[in-house]
Amino acid sequence: MTTLNRRNLLVSASALGLCSLGRSAWGQASGPPVASIRRVTETIFGTTVIDPYRWMENSQDPEWKPYLMGQNAYARRVLASLHGRDELARRIHRNTGLIEPVSTVQLAGPYIFIERRPEGADTFKLYVRNGINGAERLLVDPDDEATGSTHFALDYWKASPDGSLVGFGTSPAGSENSVLQFVETATGKRLLDRLDRALFGPVSWLPDSSAVFINRMRAGTKPGDIDRYLDSAVWLHRIGTDPASDARVLAREMDPVVPMQDIGTPMIAARAGESFMLATVENGTEFELDVYVAPAHSVVEGSPHWTSVCKVADKVTMVTMLHGELYLLSHQNASHFKILRTSAARPSIATAEVVVREGNRILKAIAAARDGLFITATNAGLGELLHLSTDGKTRRLTLPFEGTVSDLRTDPLRDGCWFLLESWVRPRVVCFGKADGSVVVTGLAPKPAIDTAPYGSREVMVTARDGARVPLSIVYRKGVRRDASAPVFLTAYGSYGLTEDPYFSSGLLPVLDLGVVLAVAHVRGGGELGQEWYEAGKLLTKPNTWRDCIDCAEYLIAEKWTSKGKLAVSGTSGGGIMVGRFLTERPDLLAVAIISVGATNALRFEFEESGPLNIPEFGSIKDPVGFKALMEMDAVSHVEDGVAYPAVLLTTGLTDPRVANWEAGKMTARLQAATSSRRPVILRVETDAGHGMGSTRKQKDDESADLCAFILWQTGDHRFQPS
């Protein structure tokens, strides 16, 4: 649980979506509001850039909210008119209510803590039991904080080493604007301690369970501020004391041994049984870390003696500690990653021992238990779990079925590891793995009353235009015809080196039952094939991201999975770059494009709340190379007047801290003004949600039904034509 890793600010939970609308219906409904054009012209490194909708970036502009809400009202009218939409929503909601997904598990003291969404519930909650067979009771319910129509979400949590307390963060309406609180495990009583600006959790507990380290934003910043995430700091909070008396222990310009930029996000991790503490600095959304180590007592006493372990140039992305040794996950000269070991007392990255060498499998995460290091990996798209003993021997654990291994959890005072396992067609289970290679499937994730036998999946490799081999996953109901008649919902992400691993979605099954095929393109810019695959879709190589998806679309058409009039493509969040540029580069291939909380105005991205932290990933217009890359990524700038664009559905959330609403607003306005096809372009706004994290089950199910009904309408399904 003390493994340190970065988080990023342009990632979203996968959204289920499909759809489009016909010409006759588009002409019948009263139209959406027309955005005012107020051109702003700039010359950047010799290139003229015209922005007709810059005014949308000012949330106080008197035209902005009426425009946004008018677009939403129009979109809701269009979607409500679709026959079959409400029945599909009921079927999706029924299915998602039958499953009780577990998101994470932790053992601490005599307790086992489980975060799950109970059958039929809308939000995830935290439960606790005394031992695995003990009676389960509710410990933290975010619904208790709901006010009026505003729901709250459980953003993160972590139990103290002795299990007596849990620190947890909640936020309203999907805002991710977490407030840190604490609860007594035995009684369920909430303590008076409340720390705002605690966006980056969970906490790291001192081994004696008396205090926590937590990163907090600067005082005075608020959601929407461009400098919101700059100059955050680590604080030490002692349980039961006034947060105003907390000690600031790590921040920019605080310690010459730990230099950091304003986009640096510092973290400190303590570990039970160890005499040293770790500190990391994440530079924006980069994976690579600056890592430091210090004697534990010096950090607690307020005079830490930090020693540098490695810098960003050493390409370390994760670190943990075991028996006085540091284990580092690195891609330095190892695209598939390797694991290094060095002494915590005398760390040296230059002389660190390679304990797991690079191989065919891609190493993804590490976590240290009492009996060794557990490692997650992928090999040919399938998850693996390995154990590294302290004597250097590696063993592969035997998984109960092939799928995705995620949420690896260990305890420094216990043997073994906990993890989740699922696949495209196998629901998630909670497993316990041992150093001897055995795995036990626990009953912590109840088996859903859903028959998955009718569904299948396959993995293929698509040859891209430059010869690269792009992995493509295809999920379907068995018996689907390969005669080019099926609607295909193709989705891709391709940013940050993140992977689109197989996941089980009970809400997807009713859509597959309608004959829709899901395809997931593992494009460059993701990490599916290692670090080189990621870097081949970043900055100046970013066009590979959407062109890989285009090539996968042409493969699906050539192999008669679908046809041009039946193809929908979708991208979420950072995947908005992919779908936005697919749409503007090859509109002829598509019946529908879905842009969910997507980044579409890359040239202006650094000027929104999460923009500064994302500069390492996408670049800056203040740099000629960055500007060139961003100009190519910017979908809004590539929309051309008079082009017959397909039907487009965009979504945004009012409280989204990751992608500003005005990106969707600009893209909607530009497409509505430019398209010659008379196909609809609509903007769906979630008024009580943000980027998708923290949305309720009903919100997600309703959105899925809207997107799927929209796709089925536009791909000609008679069951979803408008009234």
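The lone criterion from (1) of a type in the set (D, E, K, R); (2) within 22 Å of the chain's Cα centre (by Cα); (3) open to solvent by less than 20 Å² (accessible area, probe 1.4 Å) left unmet by residue 700 is number (3). So, in segment 47-60, of the ones that are open to solvent by less than 70 Å² (accessible area, probe 1.4 Å) and in a loop (DSSP other than H, G, I, E, B), which residue ends up farthest from residue 653 (Cα to Cα)? Going through the qualifying residues, I end up with 52.
Taken residue by residue, segment 293-306 has no member that is within 22 Å of residue 529 (Cα to Cα) and open to solvent by 20 Å² or more (accessible area, probe 1.4 Å).
Just checking, which of 492, 484 is in contact with a Ser or Thr (Cβ under 9 Å, 6 or more places away or on another chain) and open to solvent by less than 20 Å² (accessible area, probe 1.4 Å)?
Numbers: 484 fails: open to solvent by less than 20 Å² (accessible area, probe 1.4 Å).
Every option except 492 fails the conditions.
Among the residues of segment 455-481, those identified as touching a Lys or Arg at 6+ places or on another chain (Cβ under 8 Å), crowded, with 16+ Cβ neighbours inside 10 Å, part of a strand (DSSP E or B) and not polar (S, T, N, Q) are 455, 456, 462, 470, 474.
State whether the residues of segment 433-454 include one that is touching a Leu at 6+ places or on another chain (Cβ under 7 Å) and crowded, with 22+ Cβ neighbours inside 10 Å. Within segment 433-454, one or more residues are touching a Leu at 6+ places or on another chain (Cβ under 7 Å) and crowded, with 22+ Cβ neighbours inside 10 Å. Residues of segment 175-199 being open to solvent by less than 30 Å² (accessible area, probe 1.4 Å), outside any strand (DSSP E or B) and in contact with a helix residue (DSSP H, G or I) (Cβ under 8 Å, 6 or more places away or on another chain), which ones? 193, the sole residue that qualifies. Residues considered: 644, 705, 709, 669. Of these, the only one that is touching a residue at least 12 places away in the same chain (Cβ under 8 Å), out of contact with any His (no Cβ under 9 Å at 6 or more places or on another chain) and in a helix (DSSP H, G or I) is 669.
Among all positions in segment 22-38, there is at least one residue which is modelled with pLDDT of 95 or more, open to solvent by less than 70 Å² (accessible area, probe 1.4 Å) and hydrophobic (A, V, I, L, M, F, W, C). Screening residue 391 against (1) under 30 Å from residue 206 (Cα atoms); (2) in contact with a Lys or Arg (Cβ under 9 Å, 6 or more places away or on another chain) leaves a single unmet condition, (2). Take residue 566 and decide whether it is over 18 Å from residue 525 (Cα atoms) and touching a strand residue (DSSP E or B) at 6+ places or on another chain (Cβ under 7 Å). In short, yes. Any idea which residue in segment 61-79 is nearest to the chain's Cα centre (by Cα), counting only those that are open to solvent by 70 Å² or more (accessible area, probe 1.4 Å) and without any contact (Cβ under 8 Å) to a residue 60 or more places away in the chain? Checking each candidate, the answer is 65. Close contacts from segment 444-463, counting a first residue that is closer than 17 Å to residue 381 by Cα and a second that is of a type in the set (D, E, K, R) and surrounded by 15 or more Cβ atoms within 10 Å (Cβ to Cβ), with Cβ to Cβ under 7 Å and a gap of 6+ residues or different chains, come to 462/551.
Restricting segment 226-238 to residues that are in contact with a strand residue (DSSP E or B) (Cβ under 6 Å, 6 or more places away or on another chain) and open to solvent by less than 50 Å² (accessible area, probe 1.4 Å) leaves a set whose member that is farthest from residue 263 (Cα to Cα) is 237.
Residues that are over 31 Å from the mean Cα position of the chain (by Cα), closer than 23 Å to residue 202 by Cβ and either assigned to a strand (DSSP E or B) or modelled with pLDDT of 95 or more (or both) are absent from segment 261-273 altogether. For residue 137, the criteria (1) surrounded by 22 or more Cβ atoms within 10 Å (Cβ to Cβ); (2) part of a strand (DSSP E or B) hold in every case but one, which is (1).
Among the candidates 202, 223, the residue that is within 21 Å of the chain's Cα centre (by Cα), closer than 20 Å to residue 282 by Cα and open to solvent by 40 Å² or more (accessible area, probe 1.4 Å) is uniquely 202.
In this structure, does residue 281 turn out to be open to solvent by less than 10 Å² (accessible area, probe 1.4 Å), touching a Leu at 6+ places or on another chain (Cβ under 9 Å) and without any contact (Cβ under 8 Å) to a residue 40 or more places away in the chain? The answer is yes for residue 281. Does residue 351 satisfy the condition of being of a type in the set (S, T, N, Q), open to solvent by 50 Å² or more (accessible area, probe 1.4 Å) and at pLDDT 95 or above? For residue 351, the condition - of a type in the set (S, T, N, Q), open to solvent by 50 Å² or more (accessible area, probe 1.4 Å) and at pLDDT 95 or above - is met. May I ask you to say which residue of 555, 503, 534 is part of a helix (DSSP H, G or I) and open to solvent by 30 Å² or more (accessible area, probe 1.4 Å)? The match here is 555.
Find the residue count for segment 68-87, including only residues that are in contact with a Pro (Cβ under 6 Å, 6 or more places away or on another chain) and within 19 Å of residue 224 (Cα to Cα).
Going residue by residue through segment 68-87, those that are in contact with a Pro (Cβ under 6 Å, 6 or more places away or on another chain) are 70-71, 74, 81-82.
Now drop any that are not within 19 Å of residue 224 (Cα to Cα), which leaves none.
Qualifying residue count for the region: 0.
Please pick out the residue among 525, 580 that is in contact with a Ser or Thr (Cβ under 7 Å, 6 or more places away or on another chain), touching a residue at least 60 places away in the same chain (Cβ under 8 Å) and open to solvent by less than 10 Å² (accessible area, probe 1.4 Å).
Every option except 580 fails the conditions.
The one condition from (1) surrounded by 23 or more Cβ atoms within 10 Å (Cβ to Cβ); (2) within 23 Å of residue 568 (Cβ to Cβ); (3) out of contact with any Lys or Arg (no Cβ under 6 Å at 6 or more places or on another chain) that residue 605 does not meet is (2).
On the basis of being assigned to a loop (DSSP other than H, G, I, E, B) and charged (D, E, K, R), does residue 414 make the cut? So residue 414 fits the description; yes. The residues of segment 80-134 that are within 18 Å of residue 406 (Cα to Cα) and surrounded by fewer than 17 Cβ atoms within 10 Å (Cβ to Cβ) amount to a single one, 103.
Please work out which residue is least open to solvent (accessible area, probe 1.4 Å), limiting yourself to segment 322-341 and to residues that are in a strand (DSSP E or B) and farther than 24 Å from residue 497 by Cβ.
In the first step, residues of segment 322-341 are kept if they are in a strand (DSSP E or B); the result is 322, 325-330, 338-341.
Among the residues that remain, those that are also farther than 24 Å from residue 497 by Cβ are: 322, 325.
On the way: 322: 8, 325: 64 Å².
This residue is 322.
Counted as qualifying within segment 366-411 are the strands (runs of 3 or more DSSP E) with 2 or more residues that are among the charged types (D, E, K, R) and under 22 Å from the mean Cα position of the chain (by Cα), namely 404-409.
The values are calculated or read from the model by the stated rules, or taken from the named source; none is laboratory data. What you see is a predicted model; the values in this text were computed from it and never measured. Positions of Cβ are generated from backbone atoms using ideal geometry, with glycine treated the same way; all protein chains shown enter the neighbour counts. Ligands, DNA and RNA are stripped out before the accessible areas are found, and what is left, the full protein with its side chains, is counted by its heavy atoms. Shrake-Rupley method; radii C 1.70, N 1.55, O 1.52, S 1.80 Å.
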